[in-house]
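Structure, as structure tokens:
The values are calculated or read from the model by the stated rules, or taken from the named source; none is laboratory data. Keep in mind that this is a model prediction, so the values were computed, not measured. We place every Cβ from the backbone using ideal geometry, glycine too, and count neighbours over all the protein chains shown. We work out accessible area using only protein heavy atoms, side chains counted, and drop any ligands, DNA or RNA first. Shrake-Rupley method; radii C 1.70, N 1.55, O 1.52, S 1.80 Å.
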Amino acid sequence: MLISFNPLTSHSYLSEQSIQLIIEENKTALTKVQKGSTEHSTSLGWFDLEKSIPLDILKQINKLADYVNGISSVMIVIGIGGSNRGAMSALQVLGRNTQSPTTLYFAGDSLSNQQLLDAIDLIHSQEITLNVIAKDFNTLEPGITFRILREEMKKKYGNDYRTRIIVTGSYGSGQLYEMATKYHYHFLPFPAEIGGRFSVLSSVALFPLKVSGVDIDSMIEGAKDMREELTTTPLISNSAVMYAASRYLLLQQGIKMESLVTFEPDLKEFGRWWVQLFGESEGKTDEVLFPLSFSFSEDLHALGQWIQMGPKNVLETHLITYYDTKDTIIKDSIEKDGFDYLTNKNFKDLNTIVQKAALKAHTEEGVPSFTIETANPLNEKTLGSLYWFFLFSVYASCTIMDVNPFNQEGVELYKKNMYSSLGKQIR
């Protein structure tokens, strides 16, 4: 089993029988989910990895990445939300072991003038390529950032600026494909059947990751292995389905929030990716868990008191996965610092001890807690399997909740208000 799920640390809230009952009550719908054959089939491009990243697109990604590495020291990735969180989260985990002549800088995910000026400074001082990513090229933040940085590229490179722009977007009028065709930019397709928050295993994230030197083939392999496991394991013992059912049961008992708890600082961006995935997918009803992410042990010293003795309305989901690192034995010190009790212990064991101690303390105080644990250390394959696990989990969870996991009408409403204030005509 690549990823295991244990809900029974929340034994005062759940039982094995109650979880099995929810799965049985939703068996017909969950069986369709497991086959990827539901009324949402036009949004399931991520489900089949041969569709999300077909061989011809993978070859195109590899070729373009080699091209970018040959001409640039920095690639500025312009995108927001699902268009950049996948790449940001994977790069934070995998980046220290990559070798590439090109570093990534992320822009277009805010309206900060300072962030924009930082990107402009890079254009002035470095050899630059731009990768702008948008499924719907109407979003303000990346759209206006692309315009301003594009003009700076023209000043520096003249007509050759266009050879340094790669757009990842949709086909059709008013989209990035139209601009790419008209102005001769490089083009990568944003798969039509994949929404932004489900796009991490497509060209959207895999192209910038390939540029930065990440082994994307291993990521894809890990995702395929996870897909095989979750689509063939019976529902009643399926880790992702059990996770979805257990979350639903706690929601019915008054739990209001879920925090994904990680124990490697490099997983902070992964936590943000997870927050968007669950928040945008499930947040269409007032009966839904609010997603958060905590990074322990740091956040234990900021929020541990609230979690342990505050209102019992938050679920902790401990994501247990660590790097495969060399031993770091704590040596004796002639300075008496009060930490002699740790002499000769392995520093890398301390993280595990903290995780178990926090879990024990919180559950003893009545905090519902789950554990999700990877069988293998953090690497490309493990990360790929984690992405697919959570993509499938939220699909199953939304099915149990009877909400559409793939739309986001609330986001569109705020955009209409913003466009109205800025004077844009809404068609």
message: Just the residues that are open to solvent by 50 Å² or more (accessible area, probe 1.4 Å) and either in contact (Cβ under 8 Å) with a residue 40 or more places away in the chain or of a type in the set (A, V, I, L, M) (or both), please, taken from region 261-277.
response: 268, 272
query: Quick one: in region 15-40, which of the residues that are hydroxyl-bearing (Ser, Thr, Tyr) and without any contact (Cβ under 8 Å) to a residue 12 or more places away in the chain is nearest to residue 227 (Cα to Cα)?
result: 37
query: If only one of 280, 316, 258, 287 is touching a residue at least 60 places away in the same chain (Cβ under 8 Å), buried (at least 19 other Cβ atoms within 10 Å of the Cβ) and of a type in the set (Asp, Glu), which one is it?
result: 280
- prompt: If you check every pair at least six apart or on different chains, which have Cβ atoms under 8 Å apart with a residue in region 146-162 that is free of Cβ contacts under 8 Å to residues at least 60 places away in the same chain and part of a helix (DSSP H, G or I) first and a residue that is surrounded by 12 or more Cβ atoms within 10 Å (Cβ to Cβ) and among the charged types (D, E, K, R) second?
  reply: 153/164; 157/164; 161/150; 161/154
task: Answer with yes or no whether residue 80 is touching a Pro at 6+ places or on another chain (Cβ under 6 Å) and either under 25 Å from residue 273 (Cα atoms) or exposed (fewer than 13 other Cβ atoms within 10 Å of the Cβ) (or both).
output: yes
query: Given the conditions (1) farther than 29 Å from residue 167 by Cα; (2) surrounded by 16 or more Cβ atoms within 10 Å (Cβ to Cβ); (3) within 26 Å of the chain's Cα centre (by Cα), and given that residue 39 satisfies all but one, which numbered condition is not satisfied?
result: (2)
query: Counting just the residues of region 214-242 that are outside any helix (DSSP H, G or I) and open to solvent by 10 Å² or more (accessible area, probe 1.4 Å), which one comes out farthest from residue 95 (Cα to Cα)?
result: 234
Unmet requirement for residue 46, which otherwise passes all of (1) hydrophobic (A, V, I, L, M, F, W, C); (2) assigned to a helix (DSSP H, G or I); (3) in contact with a helix residue (DSSP H, G or I) (Cβ under 6 Å, 6 or more places away or on another chain): (2)
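Condition check ((1) out of contact with any Leu (no Cβ under 8 Å at 6 or more places or on another chain); (2) under 30 Å from residue 375 (Cα atoms)) across all residues:
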site: 55; (1), (2): yes, yes
site: 66; (1), (2): yes, no
site: 75; (1), (2): no, no
site: 91; (1), (2): no, yes
message: Is it the case, given these coordinates, that residue 290 is farther than 23 Å from residue 404 by Cα, aromatic (Phe, Trp, Tyr) and more than 12 Å from the chain's Cα centre (by Cα)?
response: no
field: When residues of region 83-111 are limited to those that are farther than 15 Å from residue 210 by Cβ and of a type in the set (Gly, Ala, Ser), the one surrounded by the fewest Cβ atoms within 10 Å (Cβ to Cβ)
entry: 110
query: Going by the conditions given, is residue 296 open to solvent by less than 20 Å² (accessible area, probe 1.4 Å) and aromatic (Phe, Trp, Tyr)?
result: yes
- prompt: Just for region 112-127: of the residues that are charged (D, E, K, R) and out of contact with any Ser or Thr (no Cβ under 6 Å at 6 or more places or on another chain), which one is least open to solvent (accessible area, probe 1.4 Å)?
  reply: 118
Filtered residues of region 329-366 (kept if among the small types (Gly, Ala, Ser), outside any helix (DSSP H, G or I) and open to solvent by 50 Å² or more (accessible area, probe 1.4 Å)): 338
field: Candidates 139, 168, 145, filtered to the one that is buried (at least 16 other Cβ atoms within 10 Å of the Cβ), modelled with pLDDT under 95 and more than 30 Å from residue 317 (Cα to Cα)
entry: 139
- line: Those residues of region 289-330 which are within 15 Å of residue 244 (Cα to Cα) and modelled with pLDDT under 95 amount to none
- request: Search region 332-344 for residues that are free of Cβ contacts under 8 Å to residues at least 60 places away in the same chain and pair each with any residue that is open to solvent by 100 Å² or more (accessible area, probe 1.4 Å) and part of a loop (DSSP other than H, G, I, E, B) when their beta-carbon atoms are under 6 Å apart and the residues are at least 6 apart or on different chains.
  value: 343/332
query: Is at least one residue of region 406-413 modelled with pLDDT of 95 or more and open to solvent by 20 Å² or more (accessible area, probe 1.4 Å)?
result: no
